[in-house]
Amino acid sequence: MAIPTGPGTEVLKNIRVENMTNSYSVLINGVANHIYTIISIIFTEIGGADELLYVNTSAAGDTTRSAILNAQSLAAASTFIWNDKFVLTGTEELHAKTGSAAAVDVVCSYIDQDWT
């Protein structure tokens with residue numbers, strides 16, 4: 001992606017995933033000419049069992065993922081707030097899952113800068 005020089009928009013957004021489990025859920029499906037600044041991801045365990053959390057990034061449609069949060073413990077009926085900031089550009093994707101069949105609610109807050 002080229003360095004933006006023209007006008008664009010900057011919007012604060014969030015995505016929610018209810019009952020996330022051990023299959024990857026897409027939190028952000030990047031679009032060309034966008035920059036995504038992740039502000040926080042909140043995980044809440046609602047199924048009554050200890051879980052492990054995994055967050056990865058990948059290029060669009062690529063099954064090879066880069067781990068950015070690996071095997072983070074989440075106790076039963078608790079909340080984990082991950083507020084480390086990081087950036088995705090263009091068509092990069094952000095995925096999350098648990099280590100086993102689970103029930104975890106997720107809220108991801110981010111800034112979407114659109115330079116199209």
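The values are calculated or read from the model by the stated rules, or taken from the named source; none is laboratory data. Since this is a predicted model, take the numbers as computed values, not measurements. Quick reminder, even Gly has a Cβ in these numbers, built from the backbone with ideal geometry, and neighbours come from all protein chains shown.
Table for the structure above
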read-out: Residues (surrounded by fewer than 15 Cβ atoms within 10 Å (Cβ to Cβ), out of contact with any Asp or Glu (no Cβ under 9 Å at 6 or more places or on another chain) and under 27 Å from Gln113 (Cα atoms)) located in the stretch 29-57; value: Ala32
read-out: Out of Ala60, Ala67, sole residue that is outside any strand (DSSP E or B) and either on the phi < 0 side of the Ramachandran plot or surrounded by 14 or more Cβ atoms within 10 Å (Cβ to Cβ) (or both); value: Ala60
read-out: The listed residue being part of a loop (DSSP other than H, G, I, E, B) and either within 17 Å of Thr89 (Cα to Cα) or out of contact with any helix residue (DSSP H, G or I) (no Cβ under 9 Å at 6 or more places or on another chain) (or both), out of Val17, Val55, Val11, Val31; value: Val31
read-out: Pair list, Cβ under 6 Å, 6 or more apart: the stretch 53-72 residue in contact (Cβ under 8 Å) with a residue 12 or more places away in the chain and over 17 Å from Asn22 (Cβ atoms), other residue part of a strand (DSSP E or B) and of a type in the set (Asp, Glu); value: Ser58/Glu93
read-out: Residues that are closer than 15 Å to Val106 by Cβ and in a loop (DSSP other than H, G, I, E, B), drawn from the stretch 34-52; value: Ile46, Gly47
read-out: The listed residue being more than 11 Å from the chain's Cα centre (by Cα), touching a residue at least 12 places away in the same chain (Cβ under 8 Å) and at positive phi, out of Gly90, Gly47, Gly99; value: Gly90
read-out: Among residues of the stretch 85-103, those that are at pLDDT 95 or above and surrounded by fewer than 16 Cβ atoms within 10 Å (Cβ to Cβ), counted; value: 3
